[in-house]
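Trainee: Input: one structure, supplied below.
The values are calculated or read from the model by the stated rules, or taken from the named source; none is laboratory data. Everything numeric in this text was worked out from a predicted model, so none of it was measured. All Cβ positions, even for glycine, are placed from backbone atoms using ideal geometry, and neighbour counts span all protein chains on display. The area values use the complete protein model at the heavy-atom level, side chains included, leaving out ligands, DNA and RNA. Shrake-Rupley method; radii C 1.70, N 1.55, O 1.52, S 1.80 Å.
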Amino acid sequence: MSVPAEDVIELVDAALAADYTRVRRVGSKIARALTSGDAAAADKLRALMRRRGVPLRASGYAEALPIDMKSRLPLIEEQGWPTVPVFLNGPNQTVVKDFLADAQHIELLSSKGIATRLCVLIAGPPGTGKSLLAGHIAAQLGRPLYTVRLDSVISSLLGDTAKNIRSLFDFVPTKDGVLFLDEMDAIAKLRDDRQELGELKRVVNTVIQGLDSLDDRAVVIAATNHPQLLDTAIWRRFPYKIELDAPDEAVRIDLWRYFLFEDDVTSPHPPLLARASGGLSGADIQTIALAARRQSVLEGHAIDTGAVAWAAYEASAGRPTPPPRGQLTSDQKRTLAIGLVREKGVSQADVARLIGVTRQAVSGYLKEGGDGGG
Ligand SMILES: Nc1ncnc2c1ncn2[C@@H]1O[C@H](COP(=O)(O)OP(=O)(O)O)[C@@H](O)[C@H]1O
Ligand SMILES: [Mg+2]
């Protein structure tokens, strides 16, 4: 039995329209028609459709994302929900919980006239989990996350920036998505980069109009490294504020446990590494931990917690270096032992366990260090 011409035409039409539902329907029909004449081809066709699944980013769909007229770059990206958990301190967990509860009951709150805007401002230095948290909020709400690329929104064409911003606020409600304005301070930087103060004003006003045009259900998350640069009128429109500073000790314990020890609750080391890594961001800790795990896998040894502690202790925020390979030198061990005991208040026994030496060796380091005035 042959395939009817009309099915082939229908198939091509559906493919060109990027209508994957119709492609599958016609595909199944063709497979049925092939079964008696060419069973192998029919099987192959069915296997193909099974394997391919349904692409989320069909071409027609990507074209519908707003773009900058000059650069042709998309203004918005749809991002998947995160796979890494986000670790927050207690007060921030409370803000997130309150926000989610309000968002999930927004119809009830609106009907009583007590809904607030579902707008969250996340402030904090780089690598503290702002983008990650935005992803988690979207995931908790079961809504797609649309991240705005502010670099492309700020168009080289004077006047187009405001138009770009308008198109974002028009687009996201049609998808019931979460609008994530990343690096919000890029807008404020217009003040320095361009002599045109008029444009800054226009852009700020467009953001405000955009925020004001949204209905009660709309969720907007903004992230910034420099909250003090934000226009106060924008600032006021975000009732939920989250300050993500460098993680505190409790959060650092969670981060080490998760990224270095794959959530093994029996490891005694995370609290000690947390002591050693004050001031580092979540991203810094992740970088060091994953480098240590790669070394341990490729070189076939257990994780060298002394080398990790050394890397954590020596790193400055935003510039982590991987743990040194091979054994720490005795100089490094001495410096680390003295630093952890004297500055970080870690006990000598814990330091010994962490760097893999005896307690006597640690007290030896301290005596030597003490004699040397260190
Ligand atoms: N609080 C945190 N909890 C869990 N992971 C974190 C945290 N902070 C940073 N990370 C890790 O660092 C990565 C980068 O963080 P990101 O969200 O991009 O930071 P930001 O947007 O603040 O610059 C995250 O994907 C995550 O793996
Ligand atoms: Mg980010």
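Trainee: Of Trp256, Trp235, which residue is away from ligand 2 (no atom under 16 Å from the Cβ) and not assigned by TED's automatic domain parsing to the domain that holds Thr128? Walk me through how you get there before you give the answer.
Mentor: Values: Trp235 fails: not assigned by TED's automatic domain parsing to the domain that holds Thr128.
Result: Trp256 is the single residue among Trp256, Trp235 that is away from ligand 2 (no atom under 16 Å from the Cβ) and not assigned by TED's automatic domain parsing to the domain that holds Thr128.
Trainee: While we're on this one: Assigned to a loop (DSSP other than H, G, I, E, B), among the hydroxyl-bearing types (Ser, Thr, Tyr) and outside the structural domain of Phe87 (by TED's automatic domain parsing), is that true of Thr266? It would help to see each step written out before you state the result.
Mentor: Working: assigned to a loop (DSSP other than H, G, I, E, B): yes; among the hydroxyl-bearing types (Ser, Thr, Tyr): yes; outside the structural domain of Phe87 (by TED's automatic domain parsing): yes.
The answer is yes for Thr266.
Trainee: Follow-up. Of all residues being assigned to a loop (DSSP other than H, G, I, E, B) and open to solvent by 50 Å² or more (accessible area, probe 1.4 Å) in segment 125-140, which is nearest to ligand 2 (Cβ to nearest atom)? Just the residue, please.
Mentor: Step one: of segment 125-140, the residues assigned to a loop (DSSP other than H, G, I, E, B) are 125-129.
Cutting the leftovers down to open to solvent by 50 Å² or more (accessible area, probe 1.4 Å) gives us 125-126.
Numbers: Pro125: 11, Pro126: 7 Å.
That would be Pro126.
Trainee: Further, regarding this structure: Looking at segment 28-39, which of its residues are in a helix (DSSP H, G or I) and either open to solvent by 70 Å² or more (accessible area, probe 1.4 Å) or within 28 Å of Ala64 (Cβ to Cβ) (or both)? Steps first, please.
Mentor: So the first thing to find is which residues in segment 28-39 are in a helix (DSSP H, G or I), and the list is 28-35, 39.
Ser28, Lys29, Arg32, listed by residue number.
Trainee: Among the residues that make up segment 141-164, is at least one of them open to solvent by 30 Å² or more (accessible area, probe 1.4 Å), under 30 Å from Leu280 (Cα atoms) and either within 13 Å of ligand 1 (Cβ to nearest atom) or acidic (Asp, Glu) (or both)?
Mentor: Looking through segment 141-164, at least one residue is open to solvent by 30 Å² or more (accessible area, probe 1.4 Å), under 30 Å from Leu280 (Cα atoms) and either within 13 Å of ligand 1 (Cβ to nearest atom) or acidic (Asp, Glu) (or both).
Trainee: Of all residues in segment 283-303, which are open to solvent by less than 50 Å² (accessible area, probe 1.4 Å) and free of Cβ contacts under 8 Å to residues at least 24 places away in the same chain?
Mentor: Ser296
Trainee: Output the number of residues of segment 128-140 satisfying the condition of being within 9 Å of the chain's Cα centre (by Cα) and either more than 16 Å from Phe99 (Cβ to Cβ) or more than 6 Å from ligand 1 (Cβ to nearest atom) (or both).
Mentor: First, pick out the residues of segment 128-140 that are within 9 Å of the chain's Cα centre (by Cα): 129-136.
Going one step further and asking which of them are either more than 16 Å from Phe99 (Cβ to Cβ) or more than 6 Å from ligand 1 (Cβ to nearest atom) (or both), we end up with 131, 133-136.
So the count comes out to 5.
Trainee: Restricting to segment 1-27, count the residues that are among the small types (Gly, Ala, Ser) and open to solvent by less than 50 Å² (accessible area, probe 1.4 Å). First the steps, then the outcome.
Mentor: The first filter runs over segment 1-27 and keeps only residues among the small types (Gly, Ala, Ser), leaving 2, 5, 14-15, 17-18, 27.
Those left that are additionally open to solvent by less than 50 Å² (accessible area, probe 1.4 Å): 14, 18, 27.
Here the count works out to 3.
Conditions tested, residue by residue: (1) under 31 Å from the mean Cα position of the chain (by Cα); (2) surrounded by fewer than 13 Cβ atoms within 10 Å (Cβ to Cβ).
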site: Ala307; (1), (2): yes, no
site: Ala312; (1), (2): yes, no
site: Ala349; (1), (2): no, yes
site: Ala361; (1), (2): no, no
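Trainee: Let me ask something else. What helices (runs of 4 or more DSSP H) completely inside segment 58-124 contain at least 3 residues that are within 16 Å of ligand 2 (Cβ to nearest atom)? I'd like the intermediate steps shown before the answer.
Mentor: Details: elements: 59-63, 90-104, 106-111.
So the answer is none; nothing clears 3.
Trainee: Still on this model: Please determine, by comparing only the residues of segment 276-329 that are within 16 Å of ligand 2 (Cβ to nearest atom) and not aliphatic (A, V, I, L, M), which one is farthest from Ala246 (Cα to Cα).
Mentor: Within segment 276-329, the match that is farthest from Ala246 (Cα to Cα) is Thr287.
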